[in-house]
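Read-outs: derived from the displayed coordinates by stated rules, not from any lab. None of these values were measured; they are calculated from a predicted model. Glycine gets a Cβ as well: all are built from the backbone with ideal geometry, and neighbour counts include every protein chain shown.
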Number of protein chains: 4
Amino acid sequence: MGNSFGRLFRITTWGESHGGGVGVVIDGCPPRLPLTEADIQPDLDRRRPGQSSIVTPRQEADQVQILSGTFEGKTLGTPISMWVKNEDARPEAYSEMATKFRPSHADYTYQAKFGVRNWQGGGRTSARETVGRVAAGAVAKKILREQFGVVILAYVTQVQRVAARIDREAVTFKQIESNIVRCPDENAARKMIRLIERMRRAGDSVGGLIECVARGVPPGWGEPVFDRLEADLGKAMLSLPASKGFEIGSGFGGILLTGLAHNDAFRMKAGRVRTVTNNSGGIQGGISNGETIYFRVAFKPVATVMREQQTVDIRLKNTTLQGRGRHDPCVLPRAVPMVEAMAALVLVDHALRQRGQCG
Amino acid sequence: MGNSFGRLFRITTWGESHGGGVGVVIDGCPPRLPLTEADIQPDLDRRRPGQSSIVTPRQEADQVQILSGTFEGKTLGTPISMWVKNEDARPEAYSEMATKFRPSHADYTYQAKFGVRNWQGGGRTSARETVGRVAAGAVAKKILREQFGVVILAYVTQVQRVAARIDREAVTFKQIESNIVRCPDENAARKMIRLIERMRRAGDSVGGLIECVARGVPPGWGEPVFDRLEADLGKAMLSLPASKGFEIGSGFGGILLTGLAHNDAFRMKAGRVRTVTNNSGGIQGGISNGETIYFRVAFKPVATVMREQQTVDIRLKNTTLQGRGRHDPCVLPRAVPMVEAMAALVLVDHALRQRGQCG
Amino acid sequence: MGNSFGRLFRITTWGESHGGGVGVVIDGCPPRLPLTEADIQPDLDRRRPGQSSIVTPRQEADQVQILSGTFEGKTLGTPISMWVKNEDARPEAYSEMATKFRPSHADYTYQAKFGVRNWQGGGRTSARETVGRVAAGAVAKKILREQFGVVILAYVTQVQRVAARIDREAVTFKQIESNIVRCPDENAARKMIRLIERMRRAGDSVGGLIECVARGVPPGWGEPVFDRLEADLGKAMLSLPASKGFEIGSGFGGILLTGLAHNDAFRMKAGRVRTVTNNSGGIQGGISNGETIYFRVAFKPVATVMREQQTVDIRLKNTTLQGRGRHDPCVLPRAVPMVEAMAALVLVDHALRQRGQCG
Amino acid sequence: MGNSFGRLFRITTWGESHGGGVGVVIDGCPPRLPLTEADIQPDLDRRRPGQSSIVTPRQEADQVQILSGTFEGKTLGTPISMWVKNEDARPEAYSEMATKFRPSHADYTYQAKFGVRNWQGGGRTSARETVGRVAAGAVAKKILREQFGVVILAYVTQVQRVAARIDREAVTFKQIESNIVRCPDENAARKMIRLIERMRRAGDSVGGLIECVARGVPPGWGEPVFDRLEADLGKAMLSLPASKGFEIGSGFGGILLTGLAHNDAFRMKAGRVRTVTNNSGGIQGGISNGETIYFRVAFKPVATVMREQQTVDIRLKNTTLQGRGRHDPCVLPRAVPMVEAMAALVLVDHALRQRGQCG
């Protein structure tokens, strides 16, 4: 259970890294949206292994096919099924995984939960699972952009200790995509790339931060008290592999201010209610207030390292495991489209919910 | 929408700070659990305004009544309805709120979303809304403790810049409750209390961090890929008023380590698979691994301050608002039982889901 | 579990026949709807025991209180909590029920499922549980009437073998309420009343049929493939106590026609697409087509009879049970507002869902 | 929306009659169940067009592929994705459907709801949509049989006026499958087949009744008050194409009895609580009582007839439509596996829910 997300715009993902493929079904997509594979593929290409020298070299074209839910290039309002075939299945490369639990992976917990697991390439716990999310997120982003005027951008702001300086109100998609680490601060990007390459050579890995902004969200999205917009965004981000933290607006840093300094004063501006500062991150009381929504997600260094580590095998004996084969020294560049996708899924769902209840 | 939480152990809360009261309905509680108001009231007393010199002086007894779902002191398996009457209704104290949006409160966003709001004491956006959560959480904690051997403890670890040192494996309920700020480090607690009292005198407010631990959770709880245990915990915490951030295990700090240092090696210990370190925070791949689960929540300084602030009124004119009356200089001591409650609600729901699917 | 109904307009009911009372929480009600207890009470009075000589004499005023979700006479968009206190609690009248399972009641199955039950007056299995449904249904009917122009009417069409002749396109609320059995065919109504009175004297009971019409539903409501409008209506009706069957449009009788005779030809009429006949019952492919929706529900004779019956006791010994006290010889007059309520809950939920997905 | 069914064992179907195919994702299947395509294909073959002389001749092999959720022949506990490719796509055969609404089909209502539709072969409204249900139902039936000892059988009991006599406690799968109409009464079956063949020649169609029994369900399944077992069964059946009515146990006929005659007396038998009669249909108060569950579903004559009918076109002009090509004179033989599938989906979901809440 737990493979569906959303209430009115609802996705269900499926698939393991080895087997027939990975995919997603979207239920609740508004009808008459122009949609073809060409709307989906670019985000899958941004998520794809092998796209640059700093990500995992696993080679998969990840060509998406829309199997249902569109007709003559438009959505029907019926379920949209999308599928990406698995190609680069090399089970033999992973055979040690059949008997040993990789440290800080999900091998042991899946075995404990289900009493069985697909150990090939991590099975369902592989980051390959996010293909379906990114495909559905591309649809969600298109609806937000075309029907609600909302733009979502994510970018890397920190890799280990290398932090970028980014103007979140001005940053553009082009700037983000201008380098392979997806950090719009060119200086920082260079240092990040060098750090990641060093990690690759060392067979080690690094984590960091991704920030995401949503511009143009109108006041009124979000469903307190439990489905607050930041709560659903937080859940969405914490459901991504390797994420360990989430903060909205001033976040953890905000606790250093007093209330008087932290509060966002209201002022009229161009006929609209605006806030002078935006410590709230565009959300107050769980509902969007019309300012830019922004939040950050912490991703741990990925667990796959090319080094020997202590572990336990399936017969519950202590042993060691030597990392082998391909490895992804930093998940952040590929996680950028995942963060955007999950943000878009949350926002489009809340847009439809708001329209449903409040007209 | 959005006032229900959980899938098998499902709560629905209702109520505004002014009106007939606040309450909760639990659907899905296991039958035959001994349960009376005496199981609920202690946590409500920990959440209650007026409990100490450092929280809001609003006086309400917050006596809970169980209206359904029990018989001869035991749960029936049918919905448990619990109700706390409102008593201290002083609408006149809030009359300026009828026409002016309080900065960083939800007045404006509720008005924008619904086109109407109960401005008395914040209505549904008041922290009083959490009464229902805490009442339901007391039931969840009892089930976890008695039927699954799981203990949940939360405590304040930081108020603004005052940070505590706490051994999360050893900390006890008694230590937490030994002072009014609910910080088990006595030295830090004294400083925190002094800081909060200074803020009260200044009419200002401070935020901070609450940490929560869950001990005894067996391996196997959590429902990837979307309902990962940390994702549901994150959502639960970010649905609490004033929360701005969530981190599990190593969290934001974990990004400073490399993968090799961050990974939790497995070792057999007393016949069980254990990890040598616990950067994972007791959850791997979204599923509990049998180690202590721990996470931190950042709470901003509360928005109500006794000072003049710039704002906008309901006719969209710039104006100022002078804070008056009672104020809560720091939400943290009262938020401790809220964090415990939400953690318990997530865990008991996942316990039942695991039992449902996997037997 | 299973005490909530609806997806966007979602109700949760609670309460046993003995205990603090019965109630309902509505989540997702559109904001700014004028609403007071005066909108709810009339339907509760139609549902109430003791309203006439042919229903159970149990005396309860069933005064509803709105505890939350409204402000200055209008809905807030927040949860609406409604409560009816229990008054006529006479546990001693039911003491034999503590140890013996009443035939064709739910005593045995609740005991088997939960290992415990509130045997007083049937507890949760009492028809008193429907108070919350009828209260929520009154809100749903008001929304449908005022915001969508939809009118819902239910009426008794058959009691045992006494069948009425009713023009479903013309029947009015006034005609339905003109007699105590709620059958708008006066001749049949008289015979039905005599039959029910004879049953009361015999200590026996009778069942029958209720038909319900919804006029004014626009084309487009209903969510195939599982949440077809007739599927959700069917579930709603089959969730009512004592219901054993549901049919929409031509229903069971329709199987006697061939396809050619059964098909509803389309014709333009006053600029709208209309059907010449209405065997479809206003729903095609699970979606409303703009014609009057109509369906029938079969209610079995109620199980409580004032006669000796064979049964088993809680220690699993064969025994007999002598029915005593008050009894309701025919549930139909009181079930009429229940049927209307459930129909309204389904329709308003689908209205909001259609608005959410399709704008 | 509305393409998912179930709460713990949850399916989502997708696909149109023309396009990439049809399929289903199962979320929540218990792990370690042996499962291959060979478990699924037989039921798809029973559902398939072209299987006999009395069903539609559309030729599709309907070969199912399991794309995810199994490993080495066992379920993983992760989503099971199953896919059947479309083969017999002859869009030209349906071209008149692009502009004319077929009477008593869903062409008009889909157009009204979504403002667009896939008119090829009915798109999502085609009975081909049930492929996913039947595939998922085969998994559900296997779980019920192997893990809970529950057997589900459906069969045709009436075609138009030709009614069968069947002993529901004794009927076997072999008897049902012994003839092409799936009626275990051989005499009636012969008449039914002759009637259906006459209808085919006349270009007309007939409907009828399917009865379904579930043997071996233990006491305690079902979730009042809304998710009563019969309510969920009713919804499941009424979500099937062409179904117009549902009755459980004594059903519509039960209203002719008085309460005393209708009640099922309890008696101990072989150490178990049993009922002497079974008018309740194995369910009391929404919960199974351990007796055989049985219910009937009414299917209207299918709407596709090879005759000229009055209708309206997409430009809202009156016109006529001449039925052409292949037609299915009676849906009943192919609906038998659909009924079984939906019954199994309801029962397995309730089995898991009961285990989740009550242990």
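Each stretch of four or more DSSP H residues adds -39500 (n - 2.57); spread over every residue of the protein assembly as shown, this sum gives -8500 deg cm²/dmol at 222 nm.
The dipole here belongs to the protein assembly as shown: it is taken about the Cα centre, uses +1 on the Cβ of Lys and Arg and -1 on the Cβ of Asp and Glu, and is about 0 debye. In the assembly of identical copies, residue C:314 has its label point, taken 7 Å from Cα in the direction of the beta carbon, separated from the corresponding points by 5.0, 5.5, 6.6 nm (ascending, one decimal).
Computed over chain B, relative contact order equals 22 percent, with contacts defined as Cα pairs under 8 Å that lie 6+ residues apart.
Nearest chain C C-beta to the C/A rotation axis, reported as residue and distance in angstrom, is C:356, 1. Look at where the Cα atoms of segment D:166-202 and of segment C:314-359 average out, and the two centres are 37 Å apart. Under 5 Å between amide hydrogens, built in the peptide plane, is the criterion, and for residue A:183 it picks out A:156 among residues at least 5 positions away or on other chains.
Taking GluC sites (Glu not before Pro) in DSSP loop conformation with at most 16 other Cβ atoms inside 10 Å as exposed sites, chain B has its longest uninterrupted site-free stretch at B:178-359.
Shown in residue order for segment C:189-195 are the 3J(HN,Hα) couplings computed by the Karplus curve 6.51 cos²θ - 1.76 cosθ + 1.60 at θ = phi - 60°: 4, 4, 5, 4, 4, 4, 4 Hz (x for Gly and Pro).
Got a sec? How would D:45, A:27 order by Cβ neighbour count within 10 Å, fewest to most? Mind dumping the intermediate values first?
Details: D:45 15, A:27 26.
Going from least to most buried by this count: D:45, A:27.
Across the identical copies, the label point of residue A:216 (7 Å from Cα in the Cβ direction) is separated from its matches by 3.8, 5.2, 5.7 nm, in order from shortest.
If the segment from residue B:163 to residue B:148 were pulled out straight at 0.36 nm per residue, it would be longer than the present Cα-Cα gap by 2.1 nm. Amide H contacts for residue A:281 (H built 1.01 Å from N in the peptide plane; partners 5 or more residues away or on another chain; cut-off under 5 Å): A:250.
For segment A:53-61, 3J(HN,Hα) computed residue by residue from phi via the Karplus equation (6.51, -1.76, 1.60; θ = phi - 60°) reads 6, 9, 10, 4, x, 3, 9, 9, 6 Hz, glycine and proline entered as x.
With its label point put 7 Å out from Cα toward Cβ, residue B:272 sits 4.0, 5.4, 6.7 nm from the same residue's point in the other copies, in order from shortest. Compute the Cα gyration tensor for segment D:106-251, then decide on rounded, prolate or oblate, letting a ≥ b ≥ c be the square roots of its eigenvalues: rounded whenever a/c is under 1.5, prolate when a/b is larger than b/c in the other cases, and oblate in all that remain. Note, shape of segment D:106-251 comes out oblate. Across q = 0.09, 0.11 Å⁻¹, segment D:4-358 modelled as identical point scatterers on its alpha-carbon atoms has Debye log10 I(q)/I(0) values of -0.52, -0.77, in the order of the q list. Note on the protein assembly as shown: Rg/Rh from Cα positions, Kirkwood definition for Rh, rounded to two decimals, is 0.96.
Mean-square fluctuations from a GNM of chain A, with a 10 angstrom spring cutoff on Cα atoms, peak among A:262, A:18, A:105 at A:262. In the elastic network of chain C, a GNM with C-alpha springs shorter than 10 Å, the most mobile of C:281, C:19, C:222 is C:19. Modelled spin labels at residue C:99 and residue C:269, positioned 7 Å past Cα toward Cβ, are 6.4 nm from each other. Quick one: of C:244/D:113; A:235/C:85; A:100/A:244; A:100/B:142; A:141/B:244; C:85/C:142, which pairs are farther than 29 Å apart, Cα to Cα? Checking Cα-Cα distances, C:244/D:113; A:235/C:85; A:100/B:142 exceed 29 Å.
For residue B:177 and residue C:317, what is the calculated FRET efficiency with R₀ set at 60 Å and r taken between the beta-carbons, to the nearest 0.05?
That gives a FRET efficiency of 0.70.
Order by neighbour count: A:167, D:264, fewest other Cβ atoms within 10 Å first, most last.
A:167, D:264
Percentage of Cα-Cα pair distances in segment B:2-136 greater than 17 Å, rounded to whole percent?
Result: 62 percent of Cα pairs exceed 17 Å.
Across segment D:148-159, rounded Karplus estimates of 3J(HN,Hα) from the backbone phi angles (6.51 cos²θ - 1.76 cosθ + 1.60, θ = phi - 60°) give 10, x, 9, 10, 10, 9, 10, 6, 7, 10, 7, 10 Hz, Gly and Pro being marked x.
The mean sequence separation of alpha-carbon pairs under 8 Å and at least six residues apart, normalised by the residue count of segment A:177-319, gives a relative contact order of 33 percent. Under 5 Å from the amide H of residue D:18 lie the amide H atoms of D:123, each residue being 5 or more positions distant or on a separate chain, with H modelled from the backbone and absent for Pro and chain starts.
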